[in-house]
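*Asks:* Have a look at this one before I ask anything.
Taken together, the values in this text are just the output of simple stated rules run on the coordinates, not laboratory data. Because the structure is a prediction, the values reported are computed rather than measured. Methodologically, a virtual Cβ is constructed for each residue, glycine included, from the backbone with ideal geometry; neighbour enumeration extends over all protein chains shown.
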Amino acid sequence: MTLDLNTVFSNYGIVMLGVIAGMAVLLIVFFVLLILMMKKVKLLSRNYKDFMRGKDAESLEEVILKKFDEIDELKNVNEENRRMIDDITKNLLLTYQKIGIVKYDAFHEMGGKLSFALALLDKSNNGFVMNSMHNRESCYTYIKEIIDGKSYITLSEEEKKAVDTAVNFNGLE
């Protein structure tokens, strides 16, 4: 009893020519992949040779130790920068960050719009409002403390507007 491949394949509906064509395509794909892998190995080998050119174990050790020293130095600089940023952030909480200003005519047509109320507040809405009332003969300046966006001394309308503007101040946002 002899085994004929054409008969076996034809029993399953497979044409022998199709099997051979499929294997040929697979062989070409594998050949292309082999060429690509050989190129990558050659490139890797060239990079390795360039890296190792003129170096022995001692000089490589020096290069590696130098890089470790640079990494340690960068860590120290980074830690110092982090401390400085933390200090700056703490200081910013205490600085006046919010501003509100209202210009007005305090004495109605006698001094022009040279009077103003200026509110300066920190992040927690603590600070002061300064009111400068100007007329042709003199200038009066008052300052009132602001705590949590409120004053314990009665505020004028202009001072209230300046404080409200400062409390709602978004800065660069």
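*Asks:* Among the residues of region 118-167, write down those that are surrounded by fewer than 18 Cβ atoms within 10 Å (Cβ to Cβ) and among the small types (Gly, Ala, Ser).
*Replies:* The answer is Ser124, Ser132, Ser138, Gly149, Ser151, Ser156.
*Asks:* So, one more: Please tell me if Leu65 is surrounded by 10 or more Cβ atoms within 10 Å (Cβ to Cβ) and either free of Cβ contacts under 8 Å to residues at least 24 places away in the same chain or on the phi > 0 side of the Ramachandran plot (or both). If you could, list the steps in order and put the result at the bottom.
*Replies:* Values: surrounded by 10 or more Cβ atoms within 10 Å (Cβ to Cβ): yes; either free of Cβ contacts under 8 Å to residues at least 24 places away in the same chain or on the phi > 0 side of the Ramachandran plot (or both): yes.
So Leu65 fits the description; yes.
*Asks:* Same structure, new question: Collect the residues in region 119-137 that are farther than 16 Å from Thr95 by Cα and part of a strand (DSSP E or B), keeping them in residue-number order. Even if it seems obvious, please write down each step before you answer.
*Replies:* Of region 119-137, the ones farther than 16 Å from Thr95 by Cα are 130-137.
Within region 119-137, Met130, Asn131, Ser132, Met133, His134 meet the criteria.
*Asks:* On to the next question. Could you please find all residues in region 138-158 being closer than 17 Å to Tyr104 by Cβ, in a loop (DSSP other than H, G, I, E, B) and of a type in the set (Phe, Trp, Tyr)?
*Replies:* Answer for region 138-158, where residues must be closer than 17 Å to Tyr104 by Cβ, in a loop (DSSP other than H, G, I, E, B) and of a type in the set (Phe, Trp, Tyr): there is none.
*Asks:* Yes or no: region 64-76 includes at least one residue that is of a type in the set (A, V, I, L, M, F, W, C) and either within 24 Å of Thr165 (Cα to Cα) or not in a helix (DSSP H, G or I) (or both). Full working, then the answer.
*Replies:* Quick first cut of region 64-76, residues of a type in the set (A, V, I, L, M, F, W, C) only: 64-65, 68, 71, 74.
Cutting the leftovers down to either within 24 Å of Thr165 (Cα to Cα) or not in a helix (DSSP H, G or I) (or both) gives us none.
No, every residue in region 64-76 fails to be of a type in the set (A, V, I, L, M, F, W, C) and either within 24 Å of Thr165 (Cα to Cα) or not in a helix (DSSP H, G or I) (or both).
*Asks:* When Asn170 is evaluated against the numbered criteria (1) without any contact (Cβ under 8 Å) to a residue 60 or more places away in the chain; (2) in a helix (DSSP H, G or I); (3) surrounded by fewer than 17 Cβ atoms within 10 Å (Cβ to Cβ), which criterion, by number, is the only one it fails?
*Replies:* With respect to (1) without any contact (Cβ under 8 Å) to a residue 60 or more places away in the chain; (2) in a helix (DSSP H, G or I); (3) surrounded by fewer than 17 Cβ atoms within 10 Å (Cβ to Cβ), Asn170 is out only on (2).
Let's see how each residue does on (1) out of contact with any Gly (no Cβ under 9 Å at 6 or more places or on another chain); (2) in contact (Cβ under 8 Å) with a residue 40 or more places away in the chain; (3) within 17 Å of Lys160 (Cα to Cα):
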residue	(1), (2), (3)
Ile88	yes, no, no
Asn91	yes, no, no
Leu94	yes, no, no
Ile101	yes, yes, yes
Asp105	no, no, yes
Leu114	yes, no, no
Ala119	no, yes, yes
Lys123	yes, no, no
Val129	no, no, yes
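Let's see how each residue does on (1) more than 30 Å from Gly149 (Cα to Cα); (2) among the hydroxyl-bearing types (Ser, Thr, Tyr); (3) surrounded by 10 or more Cβ atoms within 10 Å (Cβ to Cβ):
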site	(1), (2), (3)
Glu73	yes, no, yes
Glu79	yes, no, yes
Lys90	no, no, no
Leu93	no, no, yes
Tyr96	no, yes, yes
Gly100	no, no, yes
Asp105	no, no, yes
His108	no, no, no
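*Asks:* Quick check, is Lys90 under 30 Å from the mean Cα position of the chain (by Cα), more than 20 Å from Ile153 (Cα to Cα), part of a helix (DSSP H, G or I) and not hydroxyl-bearing (Ser, Thr, Tyr)?
*Replies:* On the way: under 30 Å from the mean Cα position of the chain (by Cα): yes; more than 20 Å from Ile153 (Cα to Cα): yes; part of a helix (DSSP H, G or I): yes; not hydroxyl-bearing (Ser, Thr, Tyr): yes.
The answer is yes for Lys90.
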